[in-house]
Amino acid sequence: MAKIFLIEDDEALAMGLLFTLEQEGYQTVRASSARQAREIYAQGGFDLILLDVMLPDGNGYDLCKEFKQTSDIPIVFLTSCDDELNIVMGLDGGGDDYVTKPFLLKVLISRIKAQLRRSNKETSAQIHFGNLAVDLEQSKAFCGEKEISLTATELRLLATLVRHAGQTLTRTSLLDRLWDSKGEFVDDNTLSVHIRHLREKLDAAVSNACIVTVRGVGYRMEVME
């Protein structure tokens, strides 16, 4: 049973979410302030965090950054702010996804399940999406049975996009991930070049996966119809 940490100060919304999450089979713990959230988080054992952006004694962005310093636990923001700036702030701050209020409970549960599945696959040597497969042990990528010839940086970029398929990754977060993996210098312009080359190679391989540009934010891997 997955254990979810809900950080939400709205009493009515929190009670509804606690009931729904427990009905879905999740063990759920709630905090209503940043101070309380820090105390409970220190106990550990959580599989995912639902984090409200606006709290009475702080904001979710700062909490997210704190939590991500000690753990890579998936964090889904709950926010009434759906403008581009706030979305970018959340994703750049380490958030894995965001859901804007008001939201449909079925949509939230779907997002939670997707993050938990993705988190469970993080240590897998092979990651799959559509007819794409990335073998991290062999440092190879395949479209069906056909190998796709990629540079080391393109492979790391593809692995990141596939691992977080369906999730919008900001340009900043992609640059951070590429830099952290090998310590090689990849700037913003270079990232654009790598994205273009990767798209061309995926198209040539007749893959059903495509890299979608989310204007002003970043990129997302999706399956083409």
Seminar exercise, completed: The residue that is farthest from the chain's Cα centre (by Cα), considering only those in the range 65-81 that are more than 16 Å from Glu39 (Cα to Cα) and open to solvent by 70 Å² or more (accessible area, probe 1.4 Å), is Ser80
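Rundown of residues vs (1) farther than 17 Å from Leu116 by Cβ; (2) touching a residue at least 12 places away in the same chain (Cβ under 8 Å), yes/no style:
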{"position": "Gly58", "(1), (2)": "yes, yes"}
{"position": "Leu63", "(1), (2)": "yes, yes"}
{"position": "Phe67", "(1), (2)": "no, yes"}
{"position": "Ser80", "(1), (2)": "yes, yes"}
{"position": "Leu85", "(1), (2)": "yes, no"}
Exercise. When you go through (1) surrounded by 18 or more Cβ atoms within 10 Å (Cβ to Cβ); (2) modelled with pLDDT of 80 or more one by one for Arg118, which number turns out not to apply?
Worked result: (2)
Exercise. Does the range 106-116 contain at least one residue that is touching a residue at least 40 places away in the same chain (Cβ under 8 Å), out of contact with any Pro (no Cβ under 7 Å at 6 or more places or on another chain) and over 26 Å from Leu17 (Cα atoms)?
Worked result: no
Exercise. Is it true that some residue in the range 123-133 is in a loop (DSSP other than H, G, I, E, B), touching an Asp or Glu at 6+ places or on another chain (Cβ under 7 Å) and modelled with pLDDT under 85?
Worked result: yes
Exercise. Tell me, which residue of the range 138-171 that is touching a His at 6+ places or on another chain (Cβ under 8 Å) and either aliphatic (A, V, I, L, M) or in contact (Cβ under 8 Å) with a residue 60 or more places away in the chain (or both) is surrounded by the fewest Cβ atoms within 10 Å (Cβ to Cβ)?
Worked result: Val162
Exercise. Among the residues of the range 35-64, how many are surrounded by 13 or more Cβ atoms within 10 Å (Cβ to Cβ) and either in a loop (DSSP other than H, G, I, E, B) or among the acidic types (Asp, Glu) (or both)?
Worked result: 4
For this session: Sort out which residues of the range 145-165 are over 14 Å from Ala209 (Cα atoms) and in a loop (DSSP other than H, G, I, E, B), and write them in order of number.
Result: Glu145, Ser149, Leu150, Thr151
For this session: Would you check which residues across the range 187-210 are at pLDDT below 90, open to solvent by 60 Å² or more (accessible area, probe 1.4 Å) and in a helix (DSSP H, G or I) and list them?
Result: Asp188, Asn189, Asp203, Ala204
For this session: Output the number of residues of the range 82-114 satisfying the condition of being open to solvent by 50 Å² or more (accessible area, probe 1.4 Å), touching a strand residue (DSSP E or B) at 6+ places or on another chain (Cβ under 8 Å) and not in a strand (DSSP E or B).
Result: 5
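The values are calculated or read from the model by the stated rules, or taken from the named source; none is laboratory data. Nothing here was measured: the structure is a model prediction, and the numbers come from that model. No Cβ is skipped: glycine too gets one built from the backbone with ideal geometry, and neighbour counts run over all protein chains shown. SASA here: full protein model, heavy atoms, side chains in, ligands and nucleic acids out. Shrake-Rupley method; radii C 1.70, N 1.55, O 1.52, S 1.80 Å.
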